[in-house]
1. Just name the residue that is most open to solvent (accessible area, probe 1.4 Å) out of those in segment 37-74 that are more than 13 Å from Phe113 (Cβ to Cβ) and basic (Lys, Arg).
2. So which of Ser67, Ser54, Ser30 ends up being assigned to a strand (DSSP E or B) and of a type in the set (S, T, N, Q)?
3. Looking at segment 127-137 only, could you name the residues that are open to solvent by 60 Å² or more (accessible area, probe 1.4 Å) and part of a strand (DSSP E or B)?
4. Among (1) more than 26 Å from Gln191 (Cα to Cα); (2) modelled with pLDDT of 95 or more; (3) buried (at least 20 other Cβ atoms within 10 Å of the Cβ), there is one condition Arg106 misses while meeting the rest; what is its number?
5. Of the conditions (1) closer than 18 Å to Val78 by Cβ; (2) at pLDDT 95 or above, Leu152 satisfies every one except a single condition; which number is it?
6. Against the condition surrounded by 15 or more Cβ atoms within 10 Å (Cβ to Cβ) and within 12 Å of the chain's Cα centre (by Cα), how does Ile194 come out, does it pass?
7. How many residues are aliphatic (A, V, I, L, M), assigned to a loop (DSSP other than H, G, I, E, B) and surrounded by fewer than 19 Cβ atoms within 10 Å (Cβ to Cβ) when one looks only at segment 146-188?
8. One residue is enough: does segment 138-145 have a residue meeting the conditions of a type in the set (A, V, I, L, M, F, W, C), out of contact with any strand residue (DSSP E or B) (no Cβ under 7 Å at 6 or more places or on another chain), within 19 Å of Leu197 (Cα to Cα) and open to solvent by 30 Å² or more (accessible area, probe 1.4 Å)?
Amino acid sequence: MSIRLLQLRTHSVHIHRLESVEWSRTWAISHVWDNGVPCNLFVTGCTWASKAFSDVKRFQDMLKRVSQIVSKRDGEYVWIDAVCIDQESEADKQEQIPHMVDIFSRSVGTIAFGTLKPDHQFGELVHTYDDGKKAWVSNWFERVWTYQELQLPKLILFIFGDRIFTRNEVYLAILMMSPYLSSPHPRLSVQDVINCLSPKSKSNTQRALLQAGKRSSSVDVDKVYGVLGALVGRLENYVWTIASPEPAHY
């Protein structure tokens, strides 16, 4: 079993066998896609176009900032879906997506951020909408994939604006701002966002399933993978049973 990793020093993608990955020097990136026209990101070893970033400059600006953060923490490799999964191959997606649990749980940590702003900068933790009358959190909290990527890592660092936040810092910030937040989504509430950041959501399978069910995904199969990835423990540790009714006795 193999995965691709982006080497920061050479700006190139290489294939690594899962058992030989230097996890102590590897970070994962969790982000929300632009979903624009597919474009080439001009990374050696990545031959496919991606909708993750609407133009290569956005990708390069993001990677430069993330590289600075990771390099200061002795990181050498990053995993990011745009260049580590062949976006033009359904077969590669089916092979690579199941490895995401290993990638996000075994790497040093995860760098997380929402959709980049039009000027390529990182979005803020909270933004206004409805002509400034209402406020809501980053769209990073709205996706089922990112919910999985919140629960799996040993460490997660959020980039909002020009600052870096830990999970606990974001949790406390949203908790304090919660009376002033208003969700534009019918299924996802302010309390859901607070609950997803709560330490209890990492150890409660029922809560994980409920949280994942409230979030968005592009296609149904993505939702299935996202929900399963949010479960506590690896899937093979679960025992699934179907109970047959006892025969009636007359």
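1. Checking each candidate, the answer is Lys72.
2. Exactly one residue qualifies, and that residue is Ser30.
3. Result: His127, Thr128, Lys134.
4. (3)
5. Of the numbered conditions (1) closer than 18 Å to Val78 by Cβ; (2) at pLDDT 95 or above, the odd one out for Leu152 is (2).
6. no
7. Final tally of qualifying residues: 2.
8. yes
The values are calculated or read from the model by the stated rules, or taken from the named source; none is laboratory data. Everything quoted here is computed from the prediction, not taken from an experiment. No Cβ is skipped: glycine too gets one built from the backbone with ideal geometry, and neighbour counts run over all protein chains shown. Ligands, DNA and RNA are stripped out before the accessible areas are found, and what is left, the full protein with its side chains, is counted by its heavy atoms. Shrake-Rupley method; radii C 1.70, N 1.55, O 1.52, S 1.80 Å.
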